[in-house]
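The values are calculated or read from the model by the stated rules, or taken from the named source; none is laboratory data. What you see is a predicted model; the values in this text were computed from it and never measured. When we count neighbours, we look across all protein chains shown, and the Cβ atoms used for this are built from the backbone with ideal geometry, even at glycine.
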Amino acid sequence: MKRTVLGVVLVAAVLAAGGVFVGLRATGARPAEETLDLRGGELLYVDPAGRVRQGGRTGPACQRVDVAAGTLICLRATAVPAQSEIVVYDGAGERLRLPEWGSPSRARVSPSGNVVMWTVFRAGDSYLGGVGTFSTTAGLYDLKSGEHHGSLEDFTLMVDGVEHTADDVNYWGITFTRDDRTFYATATSSGKTWLVRGSLDTKVLTSVRENVECPSLSPDGSRIAYKFRTGDQWRLHVLDLASGRDTPLAEPRHVDDQPQWLDDSYVAYGRDKGIWKVPASGGGSPELVQTDAASPAVAR
Amino acid sequence: MYVSSVRAGLPAEPGRSHHKISATVIGLGVVSLITDLSAEMVTAVLPLYLVYGLGVGYLQLGAIDGLYTGATAVLRLAGGHLADRWQRPKAVALFGYGLSAVTRLGFPLVGSSVAGLGLLIGVDRAGKGIRTGPRDAMITLASPPDGLGRAFGVHRALDTAGALLGPLVAFGLLSLLFMDYTSVFAVSFCFAVVAVVVLAVFVRQPAGVAARLPGLSWNVLKDRQVRRVVLITALLGVCTVGDMFLFVGVQKSAGLPVAVLPLLPLVTALTFMVAAAPVGKLADRVGRWKVFLAGHVVLLLAYALVAVSWGGWLAAALVLPAHGVFYACTDGVLMAHVGPLVPEPVRATGLAFVQTGQALGRAAGAVLFGVAATGLSLAPAFGLFAAVLAVAVVVGARW
């Protein structure tokens, strides 16, 4: 009997302690969702609490955010494990919501604001890897036509002029040009990665160059900022599309992010829980733009 | 020599009623429910926490995740051996549960140190490995030999209920508290501590026959029947497709939207939870090995259904419950079958051997299926595995 009482008391005490702890954490009440400026040039980012911030304003809860020409994409995990959702906002509020299987990885809006694109990580659907491996899936949605491609794997991949049909192909990091039909992304298969150029008209992806990951087109469309893999480190580079000239940027540290152009001369990225920027010319040095922030985005 | 009816001639001991599920089994079931709830909370949020809470890249996540598999197998044997050696399965199980509970507090403390995180996950898995053998041994010791299947069924039903609730509680907390991972770990820790308290205070260690200290635990494998079970279980494990492959296979062959994939495992788990106890009871009546093999027949029919790519929701509505029934027919039922084969002084070790053999077999099966699926594409690979599994079932029935 004493034993039972002791047990009940102990269990009650532990549960009460847990309840009090959660209560204390919850008292920092969640800020209400405010309207963000989706057209001005002010920086948007995701804070450590998983909310989009712009200046003093707080937006929706997202893991990744991007904005262009009045359209905001928010990629976030849902209450269902291993599920994400893509939520698109415009000036009038929420416009589109798509469920997706996987954890949030990248989100982008085309410069026109008409096409949204995303990448998610999926654990467990790769064949050989088993535990500890994952694959990525990149999809896009045309807000004007309603054209929805859940995965670039449904497109045809041409590597060096030959159709590539391996099962282990993965895609990530889509970036669109101004014509809303042409885009770039990273394709990977059997240990290699390629920058591919894709077309929504032909549904064909064509390899452009090896070892280019998470491409990001500059506002003028002439260059691609990306992460270049050396060993198990990624370094930021900028590739000039016309000349093929490749420039390592002045950030010596490992960066795992899809870079974001602040304007035609600066590239921003998340690193060590902060947002940094570095000149796209390869000169200068990294500068901290915002502490406690990730997923930089600028409306242009 | 070990005979399956070691205890058959003994009069029923107190607490070993033939009509009721023993309080020990219910107690252990509740402990497993709360522990699984706690563990699945962490498992569910870990990827998000690493990538968005800590900024650890996915490359490193892969390395950390790999630790999950290896750590358990070896320590399961060690836990079983210690439980037998000391004749104190409850003490060893408590140690295992306690070890995992402590790691929950570690997550907010180690920050983004990949080595620290790897260590925590390793220790957590070690705790799981250590407690499984002794816990299942206690279930067999507390149940009458002819009611073992039902006892394991009840335990596994409670266990699965916890596994189902865990992710829901975790993501509920995350949405409520805005990605506050610390709260998730704190609540998970509280549940883990409650489970330890329940085990320590409310669960009595069943009286076992402590005749002598066992010698080298490998002796368990000298028994022909035990060896046979270990080998066939491992063989059947090799012919099994990994769970996630099955879910992806169902989604693809049935042409379901990819966004429903996270929901498919829930169907399996729910079926498992509901069916575990009745199937266990059935196994007590018609024979546990028969039901164990029948579970694999159900599974191979499910594979065949995926292989013929018979489209639509109906296929999913058949395959997923079949997958749950497979678990109900095989998980607890196997332990109920093996328990009486192993004499009580080395029971925890014996059970641990069977579980380890099965786990290694399934790991190999996942890799082999990967090779087959890459070479043949998904549907034919399921057809191949259905055929191979059929052969393995025949071997299991004949040998």
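Computed quantities for the displayed model
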{"item": "Residue in region A:75-83 that is surrounded by 20 or more Cβ atoms within 10 Å (Cβ to Cβ), within 28 Å of A:VAL289 (Cα to Cα) and modelled with pLDDT of 90 or more present", "result": "yes"}
{"item": "Tally, over region B:183-197, of residues that are at the interface with chain A (Cβ under 7 Å from one of its Cβ atoms) and either surrounded by fewer than 19 Cβ atoms within 10 Å (Cβ to Cβ) or closer than 30 Å to B:ARG85 by Cβ (or both)", "result": "3"}
{"item": "Test: B:LEU158 is hydrophobic (A, V, I, L, M, F, W, C), closer than 13 Å to B:VAL25 by Cα and modelled with pLDDT of 90 or more", "result": "yes"}
{"item": "Unique residue being more than 25 Å from B:PHE185 (Cβ to Cβ), more than 9 Å from chain B (Cβ to nearest Cβ), in contact (Cβ under 8 Å) with a residue 60 or more places away in the chain and under 34 Å from the mean Cα position of the chain (by Cα) when the list is A:LEU36, A:LEU43", "result": "A:LEU43"}
{"item": "Residue within region B:127-139 that is surrounded by fewer than 24 Cβ atoms within 10 Å (Cβ to Cβ), in a helix (DSSP H, G or I) and more than 17 Å from the chain's Cα centre (by Cα) present", "result": "no"}
{"item": "Members of region A:162-200 found to be part of a loop (DSSP other than H, G, I, E, B), without any contact (Cβ under 8 Å) to a residue 60 or more places away in the chain and surrounded by fewer than 16 Cβ atoms within 10 Å (Cβ to Cβ), listed by number", "result": "A:THR165, A:ALA166, A:ASP167, A:ASP168, A:ASP179, A:ARG181, A:SER190, A:GLY191"}
{"item": "Single residue of B:THR349, B:THR374, B:THR356 found to be among the β-branched types (Val, Ile, Thr), in contact with a His (Cβ under 6 Å, 6 or more places away or on another chain) and assigned to a helix (DSSP H, G or I)", "result": "B:THR349"}
{"item": "Odd one out for A:SER110, checked against (1) modelled with pLDDT of 95 or more; (2) closer than 24 Å to B:PRO47 by Cβ; (3) hydroxyl-bearing (Ser, Thr, Tyr)", "result": "(2)"}
{"item": "Meets criteria (surrounded by 21 or more Cβ atoms within 10 Å (Cβ to Cβ), within 14 Å of chain A (Cβ to nearest Cβ), under 17 Å from the mean Cα position of the chain (by Cα) and at pLDDT below 95) for B:VAL241", "result": "yes"}
{"item": "Neighbours by Cβ (under 6 Å, 6+ apart or cross-chain): first from region B:331-350, acidic (Asp, Glu); second buried (at least 24 other Cβ atoms within 10 Å of the Cβ) and in a helix (DSSP H, G or I)", "result": "B:ASP331/B:ARG156"}
{"item": "Residues of region A:151-169 satisfying the condition of being within 14 Å of another protein chain (Cβ to nearest Cβ) and at pLDDT 90 or above", "result": "A:SER151, A:LEU152, A:GLU153, A:ASP154"}
{"item": "Matching residues in region B:244-265 - criterion: being facing chain A (nearest Cβ under 9 Å) and among the aliphatic types (A, V, I, L, M)", "result": "B:MET244, B:VAL248, B:VAL258, B:ALA259, B:VAL260, B:LEU261, B:LEU263"}
{"item": "Qualifying residues in region A:222-240 (those that are modelled with pLDDT under 95 and out of contact with any Leu (no Cβ under 8 Å at 6 or more places or on another chain)) - the one surrounded by the fewest Cβ atoms within 10 Å (Cβ to Cβ)", "result": "A:GLY231"}
{"item": "The listed residue being charged (D, E, K, R), at pLDDT 90 or above and under 19 Å from A:ASN170 (Cβ atoms), out of A:ARG122, A:ARG64, A:ARG95", "result": "A:ARG64"}
{"item": "Members of region B:106-138 found to be out of contact with any Gly (no Cβ under 8 Å at 6 or more places or on another chain) and of a type in the set (Asp, Glu), listed by number", "result": "B:ASP124"}
{"item": "Any hit, region A:15-31, residues being over 15 Å from the mean Cα position of the chain (by Cα), outside any helix (DSSP H, G or I), charged (D, E, K, R) and closer than 23 Å to B:TYR49 by Cα", "result": "yes"}
{"item": "Where A:ARG76 falls short, out of the listed (1) of a type in the set (Lys, Arg); (2) more than 14 Å from chain B (Cβ to nearest Cβ); (3) out of contact with any Leu (no Cβ under 8 Å at 6 or more places or on another chain)", "result": "(2)"}
{"item": "Residue under evaluation A:ARG3, criteria (1) over 26 Å from A:GLY113 (Cα atoms); (2) part of a loop (DSSP other than H, G, I, E, B), criterion not met", "result": "(2)"}
{"item": "Residue that is farthest from the chain's Cα centre (by Cα), among those in region B:360-399 that are crowded, with 16+ Cβ neighbours inside 10 Å and away from chain A (no Cβ under 14 Å)", "result": "B:GLY383"}
{"item": "A:ARG106 being closer than 17 Å to A:TRP172 by Cα and of a type in the set (Lys, Arg)", "result": "yes"}
{"item": "Selection from region A:182-203 of residues that are among the hydrophobic types (A, V, I, L, M, F, W, C) and within 19 Å of A:THR136 (Cα to Cα)", "result": "A:PHE183, A:ALA185, A:ALA187, A:TRP194, A:LEU195, A:VAL196"}
{"item": "Leading residue by the ranking (farthest from B:GLN358 (Cα to Cα)) among those in region B:126-184 that are acidic (Asp, Glu) and in contact (Cβ under 8 Å) with a residue 24 or more places away in the chain", "result": "B:ASP146"}
{"item": "Only one of A:ASP272, A:ASP292, A:ASP263 that is assigned by TED's automatic domain parsing to the domain that holds A:LEU38 and closer than 22 Å to A:ALA185 by Cα", "result": "A:ASP263"}
{"item": "Pairs where the first residue, in region A:227-243, is away from chain B (no Cβ under 14 Å) and closer than 21 Å to A:TRP276 by Cα and the second is assigned to a strand (DSSP E or B) and among the aliphatic types (A, V, I, L, M), C-beta under 6 Å, 6+ apart", "result": "A:VAL238/A:ALA225; A:LEU239/A:ILE224"}
{"item": "Check on B:LEU148, assigned to a helix (DSSP H, G or I) and either farther than 23 Å from B:CYS329 by Cβ or within 15 Å of the chain's Cα centre (by Cα) (or both)", "result": "no"}
{"item": "B:ALA115 touching a Pro at 6+ places or on another chain (Cβ under 6 Å) and not hydroxyl-bearing (Ser, Thr, Tyr)", "result": "no"}
